[in-house]
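Readers should treat all values here as calculations from the given coordinates under stated rules, not as data from a laboratory. Being a predicted model, the structure only gives us computed values, none of them experimental. Counting neighbours? That spans all protein chains shown, and the Cβs are built from the backbone with ideal geometry, glycine included.
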Amino acid sequence: MPIRVLLVDSHRLFRAGIRKLLADYPGLTVVDDVGTGEEAIKTFGTLQPDVVVTEVRLSDTTGVEMLRRLRAMSSAAQVLFLTTVDSPEVLLSAAEAGGAGYVLKDISPDNLVNAIRAVHEGRTMIHPLMARRLLERLEANAKGGNQSGSQGLKDVETSILSSVALGLSDREIAVKLHLSEAAVKKRLRRIYGKLGARNRAQAALLAVQNHLIQ
């Protein structure tokens, strides 16, 4: 089955361009494109797309606030931000709200498609520039911060969490740590529970913020 995508952006011409672009890639289909957060929420409830691709700045709300409402409707909602906003603070807010990816609009078509596929598979995708700025901001925030302890993480869980922060997939982590992929998935669920995280991106951010990994 193709990955069903909902596009959300205030600019109709931009949505049309992305829709035409994605039509050239097999395995993807755009089920609708809308211009406001309210339209996105209604359309999501009706069509249940696999991935929502949205701008941060919308005419009636923010993409982050829309994400919070979507996650309240369905914990399975996968949201990828495709934006011009290169703010680490907004990226943090997006991750804390449950966003699965954050890429800038200078991304190549192939990388955009890869990002959509990645978040659909439950992986995290962050634009390299934003990843660098985010790490710089987290490191700055960590200076003078208090050590919060291990949160009850075992050594192998810390190793898995470090690999997640590096962007490794479950399969890559399994090979690296000599575990089965099923074991990695099971331990990741435990890690999410211990950290109070919704997804990989939020788990990695919480781990860095709380000094659980380097």
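Using C-alpha pairs below 8 Å separated by at least 6 residues, the relative contact order for segment 3-129 is 22 percent. In terms of packing, defined here as the mean over residues of other Cβ atoms within 10 angstrom, the peptides 94-101, 45-52 line up highest first as 94-101, 45-52. Taking all Cα pairs closer than 8 Å and separated by 6 or more residues, the relative contact order of segment 21-62 comes to 40 percent.
So how do Met1, Met66, Met73, Met130 line up by other beta-carbon neighbours within 10 Å, fewest first? Least to most surrounded, the residues fall as Met1, Met73, Met130, Met66.
Cross-link check: pairs Lys20/Lys105; Lys42/Lys105; Lys154/Lys185; Lys105/Lys185 evaluated at a Cα-Cα cut-off of 27 Å; pairs beyond the cut-off: Lys105/Lys185.
Taking the number of Cβ atoms within 10 Å of each Cβ as an exposure proxy, the fewest-first ranking of His127, His11, His178 is His178, His11, His127. Distance from the Cα centroid of segment 1-37 to that of segment 69-110 is 16 Å (rounded to whole angstrom). Our coupling estimate for segment 57-72, obtained by passing each phi through the Karplus curve with A = 6.51, B = -1.76, C = 1.60 and θ = phi - 60°, is 8, 10, 5, 10, 6, 10, x, 5, 5, 4, 4, 4, 5, 5, 5, 5 Hz, Gly and Pro reported as x. With all pairs of separate Cα atoms included, the chain yields a Kirkwood hydrodynamic radius of 17.8 Å. Database remark: amide H of His127 closer than 5 angstrom to the amide H of Tyr102, Val103, Leu104 (H placed geometrically; neighbours at sequence offset of 5 or more, or on other chains; Pro and chain starts carry no H). The convex hull defined by the C-alpha atoms of segment 3-129 has an orientation-averaged projected area of 6.6 nm². For Leu13 and Leu166, what does the FRET efficiency come to when R0 = 41 Å and r is the distance between their Cβ atoms, rounded to the nearest 0.05? Step by step, r from the Cβ atoms, then E = 0.65.
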